[in-house]
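Down below is the structure, laid out as structure tokens.
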Amino acid sequence: MLGYEVRTAAELFGQLFSFVLDQKESDEGRDEQERAQSLHDQLMAQLAEDASISDNFDTIISGIASVIPYDGAVGWVNGEFESIGHTPSKEEFLGLVSFLNTTAASRIYHTDSVVKAYPAAAGFVDRAAGMLVLPVSRAPRDYIVLFRRELAKSVTWAGNPDKPVVSGPNGDRLTPRKSFEAWQQIVRNTSAPWQPAEVRAAEALRLTLLEVILRMSDATLRERAKAQEHQELLIAELNHRVRNILSLIGGLVEQSGSEARSISEFTHVVGGRIHALSRAHDLITRQQWEPASARELIRIEVEAYLGANAEKVKIQGPDVHLRPKAFTAVSLVVHELLTNSAKYGALSKTNGVVQIGFARLSDGALSISWLETGGPPIQSPPVRRGFGSTIIERSIPYELGGRAEIRFEVTGVSADFEIPPAHVDGFSDALHPETGNKMDERKQASLSGHALVLEDNLIIAMDAEDMLRSLGATEVFVASNVKEALDFIESETLQFALLDVNLGSETSEPVAEQLHAQGISFAFATGYGDSIDLAKRYSSAPVVKKPYDIDSIKAALPN
């Protein structure tokens, strides 16, 4: 029997050992918390506000390694698979995900033997025997999974549980010496166990990742709100512009009707004005609604109106870039001046010439001069003042705050216009000599056979049909969708086709492909300009910009 002194010393030793052990555990717990906090601060500093877990998987996993040892890791976020080290393949992991989805969505799941919980893991147990699962969302279920490789270990049991019963001298009875001999077993399909400290660190890390996701969600919501606000502004601006355009077109139709003497004249006048606006709008949209060349604006207008006689209009002076608001007013003024000159002025005579001059004023404003020579002499200013004259005299002063002065001299009409600096973006340094515009003559092409119009808008299709007939087509077939157009191509002999690019839920690409395969000439019609993908793929096919007229279709016909 131990004496009192020995017992007292053993008791004191036990108390001291317990104190030291408790202190050691406290120190380890504090170190564990510090490492977890350090990892939290590190990740929060490294991950941007709009970062995603999948985009920063390497950063997250490398940080975890300083806290939780592992042999491999998988990130499964938004259906995307990322892996590092020894892990199951993507196909193997997909089956494991189905199992993980049955576990608690907000708890760490860990096991040192995946096979016991998920038997199909036997196929990858050599790479991933144990796992520690961090759920980082609820729906859809996203995970970061740490894996440990198999660690075969020897376990000593008090006896072999599978040992058969052996009869002894006393029958089927246990004997102390033989029945409880030590028995060793090699345990496989297991990994090193996940220690409680590692599980606690994983829980702290999961909360950190959730914080990252919440921060990312907040940033996404803010961006979405900004995008929604921007979209609403764009819709409002588009609505405003569409209403302005409709009001402008309505005003043109109403005012033009008062000066036209016949339906054909009314159609010609209104069509010319609308196409002048269209050409101006196309030029500034081609520049992404940025300032564009005034010289180019006049060149396009003159070419569209005069064709082969475009050299009769000469432009001199520096080029200037006008802001978008000025384009509508200037395009209509130039169109009306050209129209009047072609009817009554210099452009109505063979030797008539129009000189247009650009000059920069001292305050940065643009001065535009118009001078007609070689036309019929003017005996007196016109008594009748129509809508066209109103556009020439009042558009620039009223809309741009500029100045307009028209003079009817014996030698011809002359005019001076001033565009305020607010509508002028800048002048070019080089002066352009007084030479005629170099413009291609219009093609003298015509149709003689059957034509096809593919257009999903009935009114536009009817208009195109009339234009093609007037250009010589003996028959024009109209289709509103790809199937109808392909049927016409199969059943009829076509010389030419006009294809609207966008047809609601489909495009005219299959029709273009069939026409190209059969060697049938065609042109694209679109309101998107000539930068469409189909035009790039079929570079030999002209692009007719909407709203088109008979001249633009004529220019697209084959020679």
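Conditions tested, residue by residue: (1) over 20 Å from Ile274 (Cα atoms); (2) assigned by TED's automatic domain parsing to the domain that holds Pro547; (3) not charged (D, E, K, R).
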| site | (1), (2), (3) |
| --- | --- |
| Glu290 | yes, no, no |
| Glu296 | no, no, no |
| Glu303 | no, no, no |
| Gly357 | yes, no, yes |
| Pro376 | yes, no, yes |
| Gly386 | no, no, yes |
Read through the list (1) more than 22 Å from Thr190 (Cβ to Cβ); (2) modelled with pLDDT of 90 or more; (3) surrounded by 15 or more Cβ atoms within 10 Å (Cβ to Cβ), then give the number of the only condition that Val115 fails.
(1)
How many residues does the stretch 409-448 contain that are over 18 Å from Val333 (Cβ atoms) and at pLDDT 85 or above?
7
For the stretch 448-559, which helices (runs of 4 or more DSSP H) that fit wholly inside it have 2 or more residues that are under 23 Å from Gly271 (Cβ atoms)?
458-470, 550-556
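So that you can scan it fast, the table gives a plain yes or no per residue for (1) over 50 Å from the mean Cα position of the chain (by Cα); (2) at pLDDT 90 or above:
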| position | (1), (2) |
| --- | --- |
| Ala122 | no, yes |
| Pro135 | no, no |
| Arg141 | no, no |
| Glu181 | yes, no |
| Gln184 | yes, no |
Quickly run through the stretch 310-329 and pick out the residues that are hydrophobic (A, V, I, L, M, F, W, C), within 21 Å of Asn340 (Cα to Cα) and more than 30 Å from the chain's Cα centre (by Cα).
Ala310, Val313, Ile315, Ala329
Before we move on, is Ala128 assigned by TED's automatic domain parsing to the domain that holds Glu203, surrounded by 19 or more Cβ atoms within 10 Å (Cβ to Cβ) and over 20 Å from Arg206 (Cα atoms)?
yes
Yes or no: the stretch 378-385 includes at least one residue that is surrounded by 14 or more Cβ atoms within 10 Å (Cβ to Cβ), modelled with pLDDT under 90 and over 19 Å from Ala310 (Cβ atoms).
yes
Kindly indicate whether any position in the stretch 394-402 is surrounded by fewer than 20 Cβ atoms within 10 Å (Cβ to Cβ), modelled with pLDDT under 90 and not basic (Lys, Arg).
yes
Checked the stretch 315-328 for anything in a helix (DSSP H, G or I) and surrounded by fewer than 24 Cβ atoms within 10 Å (Cβ to Cβ); matches are Pro324, Lys325, Phe327, Thr328
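The values are calculated or read from the model by the stated rules, or taken from the named source; none is laboratory data. Please read all numbers here as calculations on a predicted model, not as lab measurements. Note that we place each Cβ from the backbone using ideal geometry, even for glycine, and neighbour counts take in every protein chain shown.
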